[in-house]
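*Asks:* Before I ask anything, here is the structure I am working with.
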Amino acid sequence: MLKALVVDDEAPARSELRFLLGEAGGVEVVGEASNAAEALQLIRAIPYDVIFLDIDMPGLSGVELAEALAEMEHPPSIVFVTAHGEHAVKAFEVAAADYLVKPVDVTRLKQAIGRLVPAQQAPALVERIPVEKAGKKLLLKVEDIFYVMAKDDYSYLHTDKERYLSTISLAQLERRLEPMGFFRIHRRYLVNLGRVKEVVPMYGGTLLLTLNDSEETQVPVSRRRVPSLKRAIGL
């Protein structure tokens, strides 16, 4: 379990995030702070693995606190949790592990936690998926997958110009690929968010994602998944 400190000037926000972290698993919240000065005192006393940090706070901002922590010999990981998406660039300039936009979705929170687990403590992340093509068994690199489409009891994994069959269900692939930046956008589609080029609003409140493959493939986002996807990508 990762030892976490939650830093936010609003008590209800701290309480909500503590609850969500309990739902997500893998993290034990062992401290809370309402401002950066209080957080610094706690961090000097206890070796936290990760700080879930708001940006807009009285006194030192979350970004300024992150800059101060970067001077430590073994600084904790930083995950910004904020109501504003416009600070993302600055957040990653201070080497934040992730950037979550309120209200936080549990699925997105699990992705962030998956990126935090130290390599020496975590089981190896799945980097290849077994697939079939022309009667051969192949191991497909996760980074080459643009999206996955479910059909009957099978899944089709799409790369830039190829399609591969997998006997692994979409639900199983979702669990395996979530920590690596994949997101369930539809009951039939799982997409690599790192391969999304454009987000197009559609009639009826749905979205259409354009991928950055050679054919600029478009995949639909179901209306139910739109709010959590927007939070996942900071829209």
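The values are calculated or read from the model by the stated rules, or taken from the named source; none is laboratory data. Note that this is a predicted model, so its numbers are computed, not measured. We place every Cβ from the backbone using ideal geometry, glycine too, and count neighbours over all the protein chains shown.
*Asks:* Touching an Asp or Glu at 6+ places or on another chain (Cβ under 7 Å) and more than 16 Å from V104 (Cα to Cα): which single residue out of P75, P58, P47 fits that description?
*Replies:* Working: P75 fails: touching an Asp or Glu at 6+ places or on another chain (Cβ under 7 Å); P47 fails: touching an Asp or Glu at 6+ places or on another chain (Cβ under 7 Å).
Matching residue, one of P75, P58, P47: P58.
*Asks:* Moving to a separate point now. Any residue in the stretch 195-216 that is out of contact with any strand residue (DSSP E or B) (no Cβ under 7 Å at 6 or more places or on another chain) and within 17 Å of E127 (Cβ to Cβ)?
*Replies:* No; the residues of the stretch 195-216 include none that is out of contact with any strand residue (DSSP E or B) (no Cβ under 7 Å at 6 or more places or on another chain) and within 17 Å of E127 (Cβ to Cβ).
*Asks:* Right, next: Restricting to the stretch 36-88, name every residue that is within 18 Å of the chain's Cα centre (by Cα) and polar (S, T, N, Q).
*Replies:* S77, T82, listed by residue number.
*Asks:* Look at Y189 and say whether it is surrounded by fewer than 17 Cβ atoms within 10 Å (Cβ to Cβ) and within 26 Å of L207 (Cβ to Cβ). Steps first, answer last, please.
*Replies:* Details: surrounded by fewer than 17 Cβ atoms within 10 Å (Cβ to Cβ): no; within 26 Å of L207 (Cβ to Cβ): yes.
Against the criterion (surrounded by fewer than 17 Cβ atoms within 10 Å (Cβ to Cβ) and within 26 Å of L207 (Cβ to Cβ)), Y189 does not qualify.
*Asks:* Looking for whichever is within 20 Å of I113 (Cβ to Cβ) and touching a residue at least 12 places away in the same chain (Cβ under 8 Å) here; the options are A68, A97, A37, A83. Which one fits? Quick ask: steps written out before the conclusion?
*Replies:* Details: A68 fails: within 20 Å of I113 (Cβ to Cβ); A37 fails: within 20 Å of I113 (Cβ to Cβ); A83 fails: within 20 Å of I113 (Cβ to Cβ).
One residue alone meets the criteria, A97.
*Asks:* Considering only the stretch 213-229, state which residues are within 25 Å of L100 (Cβ to Cβ) and either in contact (Cβ under 8 Å) with a residue 40 or more places away in the chain or surrounded by fewer than 14 Cβ atoms within 10 Å (Cβ to Cβ) (or both).
*Replies:* So in the stretch 213-229, the residues within 25 Å of L100 (Cβ to Cβ) come out as 219-229.
Once the filter is applied, which keeps residues that are within 25 Å of L100 (Cβ to Cβ) and either in contact (Cβ under 8 Å) with a residue 40 or more places away in the chain or surrounded by fewer than 14 Cβ atoms within 10 Å (Cβ to Cβ) (or both), the stretch 213-229 yields V219, R223, R224, R225, P227, S228, L229.
*Asks:* Among the residues of the stretch 205-235, which ones are in a strand (DSSP E or B) and among the hydroxyl-bearing types (S, T, Y)? Show your work before the answer.
*Replies:* As a first pass, look at the stretch 205-235 and keep what is in a strand (DSSP E or B): 207-211, 218-221.
T210, the sole residue that qualifies.
*Asks:* Then there's this: Quick one: would you say R44 is without any contact (Cβ under 8 Å) to a residue 12 or more places away in the chain and either at negative phi or not aromatic (F, W, Y) (or both)? Don't jump to the end; show me each part of the working.
*Replies:* Working: without any contact (Cβ under 8 Å) to a residue 12 or more places away in the chain: yes; either at negative phi or not aromatic (F, W, Y) (or both): yes.
Answer is yes for this residue.
*Asks:* Where in the stretch 162-204 are the strands (runs of 3 or more DSSP E), entirely inside, with at least 1 residues that are within 17 Å of P220 (Cβ to Cβ), modelled with pLDDT under 90 and of a type outside the set (V, I, T)?
*Replies:* Working: elements: 163-166, 182-186, 189-192, 196-201.
Fully inside the stretch 162-204 and qualifying: 196-201.
*Asks:* Could you tell me which residue of the stretch 150-179 is farthest from I113 (Cα to Cα), considering only residues that are aliphatic (A, V, I, L, M) and in contact with a strand residue (DSSP E or B) (Cβ under 8 Å, 6 or more places away or on another chain)? Spell out the reasoning first.
*Replies:* Step one: filter the stretch 150-179 for residues aliphatic (A, V, I, L, M), giving 150, 157, 165, 168, 170-171, 173, 177.
Among the residues that remain, those that are also in contact with a strand residue (DSSP E or B) (Cβ under 8 Å, 6 or more places away or on another chain) are: 150, 157, 165, 168, 170, 173, 177.
Working: A150: 26, L157: 25, L165: 30, I168: 24, L170: 21, L173: 18, L177: 13 Å.
For the stretch 150-179, the residue satisfying everything is L165.
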